[in-house]
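Participant: Supplied in structure tokens, the structure appears directly below.
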Amino acid sequence: MPFLKRFAENWGAVAGLIVLGLIVMMAITASVIVPVDPMATQGRPLLPPGREFPFGTDMLGRDVLAGVVHGARISLMIGLVSTVIAALIGITIGAIAGFFGGWVDDALVRLTEFFQTIPSFIFAILLVAIMTPGLASIVTAIAVVTWPPIARLARSEFMSLRRREFVEAAVLSGVSRTRIIIFEVLPNALSPLIVMSSLMIATAILTESALSFLGLGDPNRISWGYMIGAARTVFRQAWWLSVFPGLAIAITVLAINLVGEGLNDALNPHLKGRVRVET
Amino acid sequence: MNAYAAADPLVSIEDLTVQLPEGSDRLRAVDSIDLKIASGRVLCLVGESGSGKSMTAHAIMGLLPKPLVAQGMIRFDGENLVGLPADRHRRIRGRRIGMIFQEPLAALNPVMRVGRQIEEVFRFHGVPGPYDERVISLLTDMGLPEPHLLRHAFPFSLSGGQRQRVMIAMALALDPELLIADEPTTALDVTTQKQILALLKRAQAERGMGVMLITHDFGVVAEIGDEVAVMQHGRIVERGSVAQVLGNPQHEYTKTLLAAVPRLVPRTAPELPHDEPLLTANAVRKTYSNRTGLFGPRRTVEAVREAGFTLCRGQTLGIVGESGSGKSTLARIIVRLLTADSGEVRLSGVEQNLLELGTRELAPLRKRVQMVFQDPFASLNPRRTVFEIVAQGLLAHGVPREAARRRVAELLELVALDPSSAERYPNAFSGGQRQRIGIARALAMEPDVIVADEPVSALDVSIQARVLDLLADLQRRLKIGMLFITHDLRVAAQICDQVAVMQQGRIVEMGPSADVLFNPAQDYTKLLIDSIPGRGAFLAPASGDAAS
């Protein structure tokens, strides 16, 4: 498979994929690796990292290691689900706008711009605050603020593809427009969209962390952003409370970015690297 | 051969080889070739796409794409250009060896005025300014109108021929000893091509330059060349003077290439049963307009004006014209990919005017008029198998999958492709094979009319001939009416019974191809025929013995 071969040529992407795989495994097997409740008190509060608690304990005596391991679930899940929803909205709107053009395009582009002109993080805060903090509201908020770039990319891809001769041939053969959009055009537009979505998972994880840090996360579930947010009052006394979940976020986002870049190189081989002017 | 060897070589290439990376379709792009370019002569390097002719030119210029390196010897003025340090090569390139390219729009900087781009050549090679005089005199030499104004123009506002003239001006700015021209006229219309070739010939004679001209068209060779070298798979298979090679080719490959060159010879018109017309068009109009800004003036282009024709069953009507003449627009209106402003298109057996039907009423009629597209790469969806591509119409019209599979096998056989190709993707096929797949797709719906929009212009000549034969044969057997759009009058002469000549959206002359192409009434038609490259060498049957 040339795709796998091209992907494997990129060392960073392979490393990112391995790290990401380990994080996903950790999230799935969380209750096996660290079989304790991350929300329950396990020992004395604010113990520094030691033999009993490798990552220390927090103000309520909860195990930070358990928090980091179990928190991976929420972070990854929110990143994935909100990106899938954003991609679905974005691709649908972008595809319709790009394929049909005319006033449909005008209307949908104005709508997209409306969402894009509002500062996205403030918009997300507003949405979560209105909808009462919880898992569903966070996912919705992230999806609502992140779909416009996907829609714009999908629109430009569809605009250039719908003029291709193979699309005209399909029209002449009497293939319906829905079938043309889904089966003729979409597969050709998919690779840049996949790359963009993979990078947006990382952004979604960061947004979730930021929301939780501000206290707008789901208070009943442990997440990395929530842990850092809770630790901010004792930041100078107990560094381990914010450093370990912070590292977890940094490593996950880095791994996803590396994988996304690798996907980009493998799916669009002609865009790989930089254009070098030979002299 | 003697005259060829006696001339003092300006460049002598010995044992030049360019290795391709592993996994390519062959080992070497250029395979130990020897070539001499004499000053004051025009050497034509002829070959089909992928024969290594452009690679040879790029090796001389030291512009091979990155991982590739040249091996061997390119002797130019006592220096070996192979492995020459970049800064030394740069001093030769542009100053002593000039180059022009196929697509002048891609070779010119779109955001810089053309006068400044020519000035840059002087500036980079350390020629002290001011340059105004030189630029204007160069542009005048190139036969460009009002050079003192034109030098302030941006490339996009010039025509294709003007852009190519600017490119030539840049290449000749420092009076190079050698000019390399890589398919300089392929992207141009025939009438412009003739002018550019004449310009090149004149510039070459005035300056006594050596010219290496790369082309796939033996017509161009006959027009301008002194010597010719034929390349195939990276090797030179035949070389000699133009008269020798064209008149008495030795190598098999040269013979097949020459035989495939379309000739402007009358075609024995088949007996036509005078049917009622299958498709008639009347007074078709299409105007494009766009407004620049809210209050800007509205620019209108009349793409098709009052065009009309009649096509009978089993007949081929050629629509010929230069780019921008509106022939493709007319084709797209006939198949209803574009909407006309006004006019009438009638298909036999249908009451209404096709142009006035809505999408829903049109749907059942679509399959009666099918299209073969120009670009064999853009017209097949790269993500679908050949079966899905050919069968898409059948499946859309509710033919069961098993029946569609049988039909696709039949169709592939009809266009001389192996039925097992059905499971493969388009990237497994060459340009000619892809065009066959496109034809099979058009035939799948058993159409009455096929509109073929430049179906062979993207193909090499030898493949062109085979695809044309296939089209003609299918049309005879299936009694289809064919509308054949082409810019090449030679191709039209080969396949068309009737020819319509289009100029600026109007059909200026129409009639049986024997009349229009061999006894034209209109000046424009005469001009088009006159501009066919190498007419002298390829036109008359008298020279047919020399070529076949």
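Participant: Can you tell me which of B:Leu380, B:Leu354 is free of Cβ contacts under 8 Å to residues at least 40 places away in the same chain and either closer than 16 Å to B:Leu311 by Cβ or within 27 Å of the chain's Cα centre (by Cα) (or both)? Working first, answer last.
Facilitator: Working: B:Leu380 fails: free of Cβ contacts under 8 Å to residues at least 40 places away in the same chain.
Checking each option against the conditions leaves just B:Leu354.
Participant: Just the residues that are closer than 15 Å to B:Ala391 by Cβ and part of a helix (DSSP H, G or I), please, taken from the range B:416-438. Outline the logic, then answer.
Facilitator: Of the range B:416-438, the ones closer than 15 Å to B:Ala391 by Cβ are B:417, B:419, B:421-426, B:437-438.
Passing the criteria: B:Pro419, B:Ser421, B:Ala422, B:Glu423, B:Pro426, B:Ile437, B:Gly438.
Participant: Within the range A:1-86, which helices (runs of 4 or more DSSP H) (wholly inside it) include 3 or more residues that are of a type in the set (S, T, N, Q)? Even if it seems obvious, please write down each step before you answer.
Facilitator: Details: elements: A:2-8, A:11-28, A:30-33.
No helices (runs of 4 or more DSSP H) qualify here.
Participant: Scan the range A:105-128 and give yes if some residue there is under 30 Å from B:Phe377 (Cα atoms) and either more than 14 Å from chain B (Cβ to nearest Cβ) or not charged (D, E, K, R) (or both), otherwise no. Before you say what the answer is, go through the steps one by one.
Facilitator: If we filter the range A:105-128 for residues that are under 30 Å from B:Phe377 (Cα atoms), which is where we start, we get A:105.
Adding the requirement that they be either more than 14 Å from chain B (Cβ to nearest Cβ) or not charged (D, E, K, R) (or both) leaves A:105.
The answer is yes, given that some residue of the range A:105-128 is under 30 Å from B:Phe377 (Cα atoms) and either more than 14 Å from chain B (Cβ to nearest Cβ) or not charged (D, E, K, R) (or both).
Participant: Hey, another quick one. Filter the range A:187-198 for residues that are farther than 17 Å from A:Gly101 by Cβ and either facing chain B (nearest Cβ under 10 Å) or of a type in the set (A, V, I, L, M, F, W, C) (or both) and give the result.
Facilitator: Our first condition is that a residue be farther than 17 Å from A:Gly101 by Cβ; within the range A:187-198, this holds for A:187-188, A:190-198.
Passing the criteria: A:Pro187, A:Asn188, A:Leu190, A:Leu193, A:Ile194, A:Val195, A:Met196.
Participant: Let me ask another. Give me a count of the residues in the range B:322-331 that are in contact with an Asp or Glu (Cβ under 8 Å, 6 or more places away or on another chain) and within 14 Å of chain A (Cβ to nearest Cβ).
Facilitator: Residues flagged as in contact with an Asp or Glu (Cβ under 8 Å, 6 or more places away or on another chain) and within 14 Å of chain A (Cβ to nearest Cβ) within the range B:322-331 amount to 2.
Participant: Go through the range A:221-269 and report how many residues are over 16 Å from the mean Cα position of the chain (by Cα) and not in a helix (DSSP H, G or I).
Facilitator: 8
Participant: Let me ask something additional. Is there a residue in the range A:101-117 that is farther than 30 Å from A:Arg177 by Cβ and modelled with pLDDT of 90 or more?
Facilitator: Filtering the range A:101-117 for residues farther than 30 Å from A:Arg177 by Cβ gives A:117.
Checking which are modelled with pLDDT of 90 or more leaves us with A:117.
Yes, some residue in the range A:101-117 is farther than 30 Å from A:Arg177 by Cβ and modelled with pLDDT of 90 or more.
Participant: Among the residues of the range A:120-134, write down those that are within 19 Å of A:Ser75 (Cβ to Cβ) and assigned to a loop (DSSP other than H, G, I, E, B).
Facilitator: Passing the criteria: A:Pro133, A:Gly134.
Participant: Can you list the helices (runs of 4 or more DSSP H) lying wholly within the range B:201-281 that have 3 or more residues being in contact (Cβ under 8 Å) with a residue 12 or more places away in the chain and closer than 17 Å to B:Ser49 by Cα?
Facilitator: Values: elements: B:218-224, B:242-247, B:252-260.
Per the criteria, B:218-224, B:252-260.
A quick yes/no check of all residues on (1) touching a residue at least 12 places away in the same chain (Cβ under 8 Å); (2) within 14 Å of another protein chain (Cβ to nearest Cβ); (3) closer than 18 Å to B:Val11 by Cα:
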{"position": "B:Gly62", "(1), (2), (3)": "yes, yes, yes"}
{"position": "B:Arg75", "(1), (2), (3)": "yes, no, yes"}
{"position": "B:Arg88", "(1), (2), (3)": "no, yes, yes"}
{"position": "B:Arg91", "(1), (2), (3)": "yes, yes, yes"}
{"position": "B:Glu103", "(1), (2), (3)": "yes, no, no"}
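Participant: Give just the number: which of (1) among the charged types (D, E, K, R); (2) within 11 Å of chain B (Cβ to nearest Cβ); (3) not in a helix (DSSP H, G or I) does A:Asp218 not satisfy?
Facilitator: (2)
Participant: Taking the residues in the range A:135-181 that are assigned to a helix (DSSP H, G or I) and basic (Lys, Arg) as candidates, determine which candidate is farthest from the other protein chains (Cβ to nearest Cβ).
Facilitator: From the range A:135-181, those assigned to a helix (DSSP H, G or I) are A:135-161, A:165-172, A:177-181; that's our starting set.
Keeping just the survivors that are basic (Lys, Arg) gives A:152, A:155, A:177, A:179.
Working: A:Arg152: 23, A:Arg155: 20, A:Arg177: 9, A:Arg179: 7 Å.
In this case the residue turns out to be A:Arg152.
Participant: Another one. Going residue by residue through the range A:36-44, is there one that turns out to be of a type in the set (S, T, N, Q), surrounded by fewer than 14 Cβ atoms within 10 Å (Cβ to Cβ) and farther than 30 Å from A:Thr140 by Cβ?
Facilitator: Going residue by residue through the range A:36-44, those that are of a type in the set (S, T, N, Q) are A:41-42.
In the following step, the residues that additionally are surrounded by fewer than 14 Cβ atoms within 10 Å (Cβ to Cβ) were identified as A:41.
If we keep only those that are farther than 30 Å from A:Thr140 by Cβ too, we end up with A:41.
Scanning the range A:36-44 turns up at least one residue that is of a type in the set (S, T, N, Q), surrounded by fewer than 14 Cβ atoms within 10 Å (Cβ to Cβ) and farther than 30 Å from A:Thr140 by Cβ.
Participant: Within the range B:361-386, restricting attention to residues that are part of a helix (DSSP H, G or I) and charged (D, E, K, R), which residue is nearest to the other protein chains (Cβ to nearest Cβ)? I'd like the intermediate steps shown before the answer.
Facilitator: We begin by selecting, within the range B:361-386, every residue part of a helix (DSSP H, G or I); these are B:361-366, B:386.
Narrowing further to those that are charged (D, E, K, R): B:361, B:366.
Details: B:Glu361: 13, B:Arg366: 5 Å.
Among them, the one singled out is B:Arg366.
Participant: Next question, about the same structure. Of the residues B:Val135, B:Val111, only one is among the hydrophobic types (A, V, I, L, M, F, W, C), in a loop (DSSP other than H, G, I, E, B) and at pLDDT 90 or above; which?
Facilitator: B:Val111
The values are calculated or read from the model by the stated rules, or taken from the named source; none is laboratory data. As the structure is a prediction and not an experimental result, all values here were calculated from the model. FYI the Cβ positions are ideal-geometry reconstructions off the backbone, even for glycines, and counts take in every protein chain you see.
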